[in-house]
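This is the structure I want to talk about, given as structure tokens.
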Amino acid sequence: MCTAKRIVILYGSQTYTSQEIAERIWRTTKILGLKGPVQALDDYPISKLIHEQYALFVCATTGEGEEPDNMKAFWKFLLRKNLPSNSLVNLKFGVIGLGDSSYDKFNFVAKKLHKRLMQLGAQPLLDIALCDYQHDLGHDAVLMSWLEEFYAKLNTLLKIDPSIGVSKFVPRWKTTLIKNNITMISEYGLNKDMYFGSTNTDHFVNPIYLEIESNTRTTHESHFQDVRLLSFKTVHKEKINYCPGDVFNIRPRNSKDDIEDLFGIFETHNIDIKPHYMLNIEEYHEDMPVPQFLKKPLPMYVIAEQYWDLKAFPTQYVFSLLALISDDRLERDKCRELSSAEGQEEWLSYCRRPKRTILEVLHDFHISASNLTIEVLFELFSTIKPRSFSIASSCLPAQGSKIELLMAIVKYQTKIKKQRLGLCSNWLKGLNIGDKVYGWIKKGVFKFPAANIPLILIGPGTGLAPFRNLIQERVALNIADKNIIHLFFGCRYRDRDFHCRDELEMWQKNDKISLYCAFSRDQEDKIFSGDNKTWRFPEKNYVFFFFRYVQHKIVENKDKLHNLLINQGAYVFISGNSKNMPKNVKDAFVEHVLKGVENADSFMENMINTGRFQTETW
């Protein structure tokens, strides 16, 4: 039976964000004097849930409204029809959903879980928290105020004092530095093979050992964006199986510059943490076990290179930790402001908008940084999370021994002078032929229909990746047909960023696909177009550009697409950047392709619900 002051915190996490937030909440509950574990939903013995009085669920939504892999068994059990409607009558709970409003099924898993728990008799302490990654403030825009109210509810029921949570620090694990083995750095820290990910750290991860076969730029050197086609082959020539739409996950490493910067901060502040020191981690709380990959001693260089995310943008929680350790009044007050609900706009301007990294924050708050300890660092730094890429090749032509990725190198400027660099893409860009990495294959969002059903594929830029996988497979099986596969591709210039151009044009020439291309910056006419009107100003100095995107090609081909959708039961798949393109494409279908269809909005909604209109964006 449960104790009076106990709460279980359970998470469903695909990319470790939900886990990280759940563990952050768990640390707060420890400070508040509550007991109870923080676990993945599938790791928690679900039969015990009927005995719990309080539970908090943190759930992400993956793909098209699917539950994360580490909560599938839990969810399947919860859906059993033979469960009595009063099964969880003793449970009081809260649900936090982590979602992305660019997807149609926004926070679908959290909503389903909240509803099912109530069907089984559980009582919600609060309405569901629907956190949105697309919000300027990220998940914290909803999360912070919701948690404040949740803790107040617990205070009423369990007589805890939420105010003590701002003045204490509770480490996750007991950490010890062993300082007498400088030779270990060469064995662990500078080798070519990743340690992190080489073991099965999660029951749903099956790591594959791969070697870089080629790393080719697909965009012209004069083009502003560097896009790479990376080819990996299995090191031991073993066969791997994957299907069109599947994704490849990989954990990157920090750059040498960032690692040197971190140890430079330690040296500047006389913090005795050296790259060759061995880190030993032991259990501090029985309900927070040490992960398998941290159970053996590891050099601090490996932790800095492969575990801590040195390019992460600090959350408000980071500033609350800095405020706890700071003994400088000005810096402490500023950290408190940046970590408060009232200071969200200030945090937004300082951190999120300019994409300021954790290392840059430690430089700015240099007096507070002098009080860093190894225990605080493990709370301050988030872990490097795996990145997911749609596989851009079929396993059939290579007999299942290769994987290819089509990836844009993330590099951009903000008001900060130093260029912002994406962690994973720049790490992959720097890999040389022969370098070895670990990764794993996961089922993707897309579920393609039978080969005789027409497909309308919209994949501008690197959104081409999953469709290249599909077409390669059908070409290898000799079932690719231009009347079935209709590919809409978009980029800026035909001669600068037309990815896989030779391959696509060959398929078009051989009647394997119908190809529709939009080159947004290649037009000669200076045209402004809108509301079905076009204005030209040849005698004036006005210059208006009408950039042509994939949605315009859809409008141009609306009659053909109408026939495919209405008369032939075609499926639509959209892949690419989540900013504007998916909405613009969807609007083009509703307003033009489905024009004349009675209640076009309902028709589109039905297509989404039945899987005939699928989206994968990032």
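The values are calculated or read from the model by the stated rules, or taken from the named source; none is laboratory data. The model shown is predicted, which means the values in this text are computed figures rather than measured ones. Please note: Cβ atoms are built from the backbone with ideal geometry, for glycine as well, and neighbour counts cover all protein chains shown. These area figures cover heavy atoms from the full protein model, side chains too; ligands, DNA and RNA do not enter into them. Shrake-Rupley method; radii C 1.70, N 1.55, O 1.52, S 1.80 Å.
Could you look through the stretch 581-604, keep only residues that are under 21 Å from F106 (Cα atoms) and open to solvent by 90 Å² or more (accessible area, probe 1.4 Å), and pick out the one that is nearest to the chain's Cα centre (by Cα)?
So the residue we want is K583.
Matching residues to (1) in a strand (DSSP E or B); (2) at pLDDT 95 or above; (3) surrounded by fewer than 21 Cβ atoms within 10 Å (Cβ to Cβ):
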{"site": "A398", "(1), (2), (3)": "no, no, yes"}
{"site": "Y438", "(1), (2), (3)": "yes, no, yes"}
{"site": "G444", "(1), (2), (3)": "no, no, no"}
{"site": "L457", "(1), (2), (3)": "yes, yes, no"}
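When the residues of the stretch 400-415 are filtered to those that are outside any loop (DSSP other than H, G, I, E, B), of a type outside the set (A, V, I, L, M) and closer than 19 Å to F232 by Cβ, which remaining residue is least open to solvent (accessible area, probe 1.4 Å)?
Residues of the stretch 400-415 that are outside any loop (DSSP other than H, G, I, E, B), as a first pass: 402-408, 411-412.
Now restrict to residues that are of a type outside the set (A, V, I, L, M): 402, 404, 411-412.
Subsequent filtering for residues that are closer than 19 Å to F232 by Cβ retains 402, 404.
Working: K402: 71, E404: 39 Å².
Filtering the stretch 400-415 for residues that are outside any loop (DSSP other than H, G, I, E, B), of a type outside the set (A, V, I, L, M) and closer than 19 Å to F232 by Cβ, the one least open to solvent (accessible area, probe 1.4 Å) comes out as E404.
What is the residue count in the stretch 242-259 for residues that are farther than 30 Å from W308 by Cβ and surrounded by 19 or more Cβ atoms within 10 Å (Cβ to Cβ)?
So in the stretch 242-259, the residues farther than 30 Å from W308 by Cβ come out as 242-245.
Checking which are surrounded by 19 or more Cβ atoms within 10 Å (Cβ to Cβ) leaves us with 242, 244-245.
Qualifying residue count, the stretch 242-259: 3.
From (1) open to solvent by 10 Å² or more (accessible area, probe 1.4 Å); (2) closer than 27 Å to Y317 by Cβ; (3) modelled with pLDDT of 95 or more, pick out the condition that doesn't hold for K429.
Against the list (1) open to solvent by 10 Å² or more (accessible area, probe 1.4 Å); (2) closer than 27 Å to Y317 by Cβ; (3) modelled with pLDDT of 95 or more, K429 comes up short only on (2).
In addition: Here are the criteria: (1) in a strand (DSSP E or B); (2) touching a residue at least 40 places away in the same chain (Cβ under 8 Å). Tell me which single one P171 does not satisfy.
P171 satisfies all of (1) in a strand (DSSP E or B); (2) touching a residue at least 40 places away in the same chain (Cβ under 8 Å) except (1).
Something else about it: How do the pairs read when you match residues in the stretch 580-598 that are free of Cβ contacts under 8 Å to residues at least 40 places away in the same chain with residues anywhere that are open to solvent by less than 50 Å² (accessible area, probe 1.4 Å) and of a type in the set (S, T, N, Q), using Cβ under 6 Å and keeping only pairs 6 or more apart or on different chains?
If the second residue must be open to solvent by less than 50 Å² (accessible area, probe 1.4 Å) and of a type in the set (S, T, N, Q), the pairs left are N584/Q551; A588/Q551.
Give the number of residues within the stretch 124-168 that are among the β-branched types (V, I, T), modelled with pLDDT under 80 and open to solvent by 30 Å² or more (accessible area, probe 1.4 Å). Walk me through it before giving the result.
Kept after step one, since they are among the β-branched types (V, I, T), are these residues of the stretch 124-168: 128, 142, 156, 160, 164, 166.
Then keep just the ones that are modelled with pLDDT under 80; that gives 160, 164, 166.
Right, trim to open to solvent by 30 Å² or more (accessible area, probe 1.4 Å) and you get 164, 166.
Qualifying residue count, the stretch 124-168: 2.
Count, please, the residues in the stretch 476-485 that happen to be open to solvent by 10 Å² or more (accessible area, probe 1.4 Å) and touching a helix residue (DSSP H, G or I) at 6+ places or on another chain (Cβ under 7 Å). Lay out the reasoning, then the answer.
Step one: of the stretch 476-485, the residues open to solvent by 10 Å² or more (accessible area, probe 1.4 Å) are 476-484.
Of the ones still in play, those that are also touching a helix residue (DSSP H, G or I) at 6+ places or on another chain (Cβ under 7 Å) are 480.
Residues flagged as open to solvent by 10 Å² or more (accessible area, probe 1.4 Å) and touching a helix residue (DSSP H, G or I) at 6+ places or on another chain (Cβ under 7 Å) within the stretch 476-485 amount to 1.
Restricting the first residue to the stretch 61-76 and requiring it to be over 11 Å from T15 (Cβ atoms) and touching a residue at least 12 places away in the same chain (Cβ under 8 Å), which pairs with a second residue that is open to solvent by 30 Å² or more (accessible area, probe 1.4 Å) and assigned to a strand (DSSP E or B) meet a Cβ separation below 9 Å and a spacing of at least six or different chains?
K72/E66
Restricting the search to the stretch 224-241, which residues are of a type outside the set (A, V, I, L, M) and open to solvent by less than 10 Å² (accessible area, probe 1.4 Å)?
Going through the stretch 224-241, the residues of a type outside the set (A, V, I, L, M) turn out to be 224-226, 228, 231-234, 236-239, 241.
S231, F232, T234, listed by residue number.
If the Cβ limit is 6 Å and pairs must be 6+ apart or interchain, which residue in the stretch 443-455 that is farther than 28 Å from N206 by Cβ pairs with which residue that is at pLDDT 95 or above and surrounded by 14 or more Cβ atoms within 10 Å (Cβ to Cβ)?
Once the first residue is farther than 28 Å from N206 by Cβ and sits in the stretch 443-455, its partners that are at pLDDT 95 or above and surrounded by 14 or more Cβ atoms within 10 Å (Cβ to Cβ) give P454/I484; P454/L564; P454/A570; L455/I485; L455/Y571.
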